[in-house]
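Written below as structure tokens is the structure these notes are about.
Please treat every number below as a calculation from the coordinates, not as lab data. Keep in mind that this is a model prediction, so the values were computed, not measured. In this analysis, Cβ positions are derived from the backbone assuming ideal geometry, glycine residues included, and neighbour counts consider all displayed protein chains.
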Amino acid sequence: EPVILWLRRDLRLGDQAALLAACAEGPVVPVYVMDDETPGHRRMGAASRWWLHGSLASLAGDLRASGSRLVLRRGRADEVLPALAREVGARRVHALHHYEPWWRNAERAIARVLDLVLHDGNYLHPPGLLKSGSGSPYRIFTPFWRALRETMPPPEPMARTDKIPAPSSWPASEHLDDWSLRPSSPDWATGMAQAWQPGEQGALDRLEAFADSAGDYDVARNLPSVEGSSRLSPHLHFGEISPSLVWHRIARRDGRTEPYLRELAWRDYAQTVILQHPRHGSANGRAQFDDFPWRDLREAAGDFEAWKRGRTGYPIVDAGMRQLWTTGWMHNRVRMIAASFLVKHLLIDWRHGEQWFWDTLIDADYGNNSVNWQWVAGTGIDSSMFVRIMAPLGQSAKFDAADYIRRWVPELAGLPDGVVHDPESHGFRPSGYPARIIDHRAARERALSAYATVRA
Ligand code: FAD
């Protein structure tokens, strides 16, 4: 009897527990359901859709090479899967665990009519299992990491399957091109296509390119001008590579790769947060912030637009926002600076920034995005009441972002190191580059008084 392999954000054949379990039971029908309809489902953003197209095309090719196929269907997962099961005569569905609230709802509905078997493998350790001394799930990263580290290394990656048993006849599949996941005209994705190779092979190549320099990560990751981080985030988000494979390739006994492994654990941490707070993508982790005096977006519309387009007059912020727009990715340090600028300097609700990132990031991830936005905004469950306002110009100089700025803000390409972080203070007015939309000191004062209302 055929079994269904339900693929979601786990678009790989290597180290895929659900695939291996399915192969052991009978002919396998792999299906990807394009689901914009499950209630509460967050529609994928435009950049994610672009990535998904490439990832599904690559996976379909790999499945074909293994004697299988990828069946594409659209609709609510809890309707599509039972219908497909009837068509092919299957009762059992294998899938990997995911923790977005809409998936957990869909799983409950599917499990009522089919035999749904969920496997681990998308995280270093099954999210939700680790408990603190008092028996409750962790709220703060550092103790979470200490506990997680104790359970490491993760299981060795499972072997890749190169022969997948096929059913005697294949159910119909929709055509990927009909899903219109990629832009037609204007094609805003050419910068993304130059920078990335979606799919499992692209992920493995990226890991190899990074692996030997992982020992330098601790310092290099903070420098926007160098490629000091792994850039695996979209591959990990779409599950084109397993975190366990990454761990085993990177981990070294000498301790120099610890900072990288610790950063990888933030992915796991974000899942424990959304398990505790399923609405973390749109609701403050700390309810005290529900009456926070954010500016009305109608009044702040011009500032919000300047931020999105990379025209704030703060070179590091603008470079980051333009890198995001062009390549679908932004350097982590710059994400923190740009997010802080929106929330603190412009006093715009973090949810608007989260939404923009959701639409423009190729690694947009419900857990990671909301946890990081709420961390920056100070609204998250892990936040302390200490208000920190990043000084964008100081950060830019401290982390040596000059080359990064010259690359992403062509108006500033001719400026020397000492000037490019802060041309305005040096009396430079490069043509085409906007004046600062807000003064740093005034913005800082305004943010401090707004945050003081929460403290009270
Ligand atoms: P590396 O530094 O090489 O890290 C390796 C992997 O660890 C990453 O690929 C990622 O999977 C994970 N990781 C690293 N840092 C974090 C972190 N702070 N939180 C969660 N996971 C992390 N990351 C996303 O994957 N999706 C998002 O939607 C996202 N939104 C963010 C929004 C804001 C405002 C900020 C400040 C950060 C956000 N991040 C997000 C986290 C981080 O910026 C990216 O994961 C990282 O820049 C990806 O680049 P990399 O693969 O080279 O990371």
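For the reader, a short list of remarks on this structure follows.
- Of the trypsin sites (Lys or Arg not before Pro) found in the range 34-130, the ones in coil according to DSSP and having at most 13 other Cβ atoms within 10 Å of their Cβ are Arg43, Arg91.
- Intensity falloff of the range 125-266 expressed as log10 I(q)/I(0), Debye formula with alpha-carbon point scatterers, at q = 0.10 Å⁻¹: -0.51
- According to the Kirkwood relation over distinct C-alpha pairs, the hydrodynamic radius of the range 329-411 is 13.6 Å.
- Cross-link partners of Lys163 among aspartates and glutamates, defined as those whose alpha carbon lies under 13 angstrom from its own and excluding same-chain residues fewer than eight positions apart: Asp62.
- Residues of type lysines that Lys344 reaches as a straight line, Cα spacing below 16 Å, ignoring anything fewer than 8 places off in the same chain: Lys308
- Under a model in which nothing but the beta-carbon of Lys, Arg (+1) and Asp, Glu (-1) is charged, the chain shows a dipole of about 740 debye around its Cα centre.
- Lys/Arg +1, Asp/Glu -1 at C-beta; the chain dipole; positive extreme among Gln355, His175, Pro410: Gln355
- Sparsely packed trypsin sites (Lys or Arg not before Pro) within the range 289-352, loop by DSSP, other Cβ within 10 Å at most 16: Arg295, Arg298
- For the range 362-420, the set of trypsin sites (Lys or Arg not before Pro) satisfying both a DSSP loop assignment and a count of at most 10 other C-beta atoms within 10 Å is given as Arg388.
- Given +1 at the Cβ of Lys and Arg, -1 at the Cβ of Asp and Glu and no other charges, the dipole of the range 3-121 around its Cα centre is 240 debye to the nearest 20.
- Diffusion coefficient of the range 3-121 by Stokes-Einstein, Kirkwood radius over Cα pairs, 25 °C, 0.890 mPa s: 169 µm²/s.
- Over the chain, all Cα pairs binned in 20 Å intervals from 0 give whole-percent P(r) values of 23, 55, 20, 1, listed from short to long.
- Over the range 287-455, the alpha carbon radius of gyration divided by the compact-protein estimate 2.2 N^0.38 Å works out to 1.00.
- Charge-dipole axis of the chain as Lys and Arg at +1 and Asp and Glu at -1 on Cβ define it, positive-most pick from Val29, Pro259, Ala203: Pro259
- Estimated Rh, the range 21-67: Kirkwood, alpha-carbon pairs, angstrom: 12.9 Å
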